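All of the numbers you see were taken from the coordinates with simple rules; none came from a lab. Quick caveat, the model's predicted, so the values are computed rather than measured. Every residue, glycine as well, gets a Cβ built from its backbone with ideal geometry; the counts of neighbours run over all protein chains shown.
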Amino acid sequence: MENSQVAAIQFEPTIGEVDTNLERMGELADALPASVGLAVFPELSVTGYNLDEISAIAEPIPGEWTEALVGIARRNDLHLLAGVPERDGDRLFNGLVHVSPAGVESVYRKQRLWGDEAEVFTRGSGPSVTETPVGNVGLLVCYDLNFPELCLEYAESEVDVLAVSSAWRTSFLEDWRLLLRARALDGTCYAVGSNHIGTQLGRNHAGHSLVAGPTGVVLEETGTGAGLAVVTVKPAELEEARDRNPVRRDR
């Protein structure tokens, strides 16, 4: 497959500075190898994680933000997943938008809201499987990863990749690594986790964006600074893992 690599990108968004964040995301995408077909950015990466400001700045999808993201995708011949606060009438959603050079492909709305998020956002109502250059991808946002039943829906859809966009805190770092490995193993798919770095409004973010393979092994992992984890999605590796661990068939 051309463009067969997936990249988990981590950086520290500037709270409330949408133009700055979009510019930074563009720079990070521009620096990717041409072989990357899908890049995953963190939760609320366009705005930064500040629940107090979300209501004032959230916008519908499609909108100006997604138009800018499509421009980034188009100039790099790349698909992107980016965290955005989505406004739909009077409701707000913690969204993960999939854009390609052709436009907005799909939107996922976070189903499990963490802490004060429930006072700001409406829960999403279901999974979202979207087609990308690296295969069929199931979408999750941060705390969703803690719920095996959400990931089981993707396993039953036989996704090739599980993409998780997060603002995961340092105090839960080992949970992050464990859960991504577990979801890759029990779904026999690649699990790609993109996380924030730095401190935003007292939230210490863990970084350590990573890609786990379909046997649950971490294939590539970043540290606590800006960076990316890039892995080739291999159909033969998926097939071999599913033969070795036939949970899909036996389920």
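Here are a few things to note about the model shown:
- The stretch 1-49 - Rg and Dmax from Cα coordinates, angstrom: 11.7, 38
- Protection proxy ranking for 60-67, 29-36, using the average of other Cβ atoms within 10 Å per residue and placing the highest first: 60-67, 29-36.
- Only Cα pairs under 8 Å and 6+ residues apart enter the sum, and on that basis the relative contact order of the chain stands at 20 percent.
- Peptide packing for 119-131, 178-190 was compared via the average number of neighbouring C-beta atoms within 10 Å per residue; ordered from the highest value, the list is 178-190, 119-131.
- Size descriptor, Kirkwood hydrodynamic radius, that averages inverse alpha-carbon separations across the chain, Å: 17.6
- In terms of the mean number of neighbouring beta-carbon atoms within 10 Å, the peptides 89-99, 46-56 order highest first as 89-99, 46-56.
- Pairs of alpha carbons in the stretch 131-251 whose separation is greater than 23 Å (percent): 26
- Virtual spin-label span in nm between Ala236 and Glu156, 7 Å along Cα→Cβ: 3.3
- Mean residue ellipticity at 222 nm, helices only, the chain: -8500 deg cm²/dmol; runs of at least 4 DSSP H residues each add -39,500 (n - 2.57), and the sum is divided by the number of residues.
- Taking the inverse of the mean 1/r over every pair of distinct Cα atoms in the stretch 1-108 gives a Kirkwood hydrodynamic radius of 13.7 Å.
- Residues of the stretch 183-225 falling in the label zone of Glu53, defined by backbone nitrogen less than 20 Å from a point 7 Å along Cα to beta-carbon, are 195-206.
- Local charge for Trp168 was computed over the other residues whose Cβ lies under 12 Å away, with Lys and Arg +1 and Asp and Glu -1, and equals -1.
- Taking other C-beta atoms within 10 angstrom as a stand-in for reagent exposure, Asp250, Asp19 fall in the order Asp250, Asp19, fewest first.
- Nearest-ten-degree value, helix 235-244 long axis tilted from longest Cα axis of the chain: 60
- Rounded to the nearest 20 debye, dipole of the chain from Cβ charges on Lys, Arg, Asp, Glu: 520
- Label-point separation in nm, Thr170 to Ala34, each point 7 Å along Cα→Cβ: 4.0
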